[in-house]
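Single-structure report; data block below.
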Amino acid sequence: MGRSDRVADIFDEVDEELRQERAARLWRQYGSWLIAAALAVVIAVGGYRYWQYYQANERAAAAAEYAAALAGLGGEKADQEAAVAALEAIAAGDGSYAILAQLRAAAAKLQNDDTAGALALYDAIAESSASPPELRDLAVLLAVSADLDTGDRADLTARLAPLAAAGNPWRPMAVEMQAALALRAGDIARARALLTELSDDAATPARLRARATELLRAFPQK
């Protein structure tokens, strides 16, 4: 029996009210983490390509400085704090590594429970005309993800709207976050509609489609 069949059998044993309660709890427990994990992959892959693009034209000293800061993130607490400070210093400059340094510094702040500090860095990227449009949108996604559980729902929904528009490369993740906000508000119908849209769209990345499909199974039957 496959995993999806086992999940379906479990939910068949409970009534509709309990199914709705479990659906909400499932998202509260795992939704934000799953989105954050997916975005972490995007940053890692995108960051590598961005770095690779500029590497031929960057001075060796700048590359070494950035690499040293990244290495420090894997050390002890004092090393991590020093690495974040180094990344913020790089981010304050105008070199090719500035935006990447901001993204990595923000991620490190989140890991150390400094949500306010991370949001400030994400917002700085999103509001900077010097940032490429795709990275500005990514910064918005990351900011919304960091504030998904406690931020103002109306404000977060408004920030996601342009990213959820057809043709935006971040649309699938933006729609998934819209579903999370709907579920947080108890709007099961809206959350179901958004997740169904993702599940049925062949252009949605495979893992995101699978996640949407599994969450839909947890919802109460119509």
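Please label the shape of the stretch 71-222 as rounded, prolate or oblate, based on the square roots a ≥ b ≥ c of the eigenvalues of the alpha-carbon gyration tensor (a/c under 1.5 means rounded; beyond that, a/b larger than b/c means prolate, else oblate). In terms of gyration-tensor shape, prolate. Sorting the segments 140-148, 182-190, 160-168, 106-114 by their residues' average number of neighbouring beta-carbon atoms within 10 angstrom, most packed first, yields 140-148, 106-114, 182-190, 160-168.
Values quoted throughout were computed directly from the atomic coordinates according to the rules given, and no laboratory measurement underlies them. None of the values given here were measured: they were computed from a predicted structure. Glycine gets a Cβ as well: all are built from the backbone with ideal geometry, and neighbour counts include every protein chain shown.
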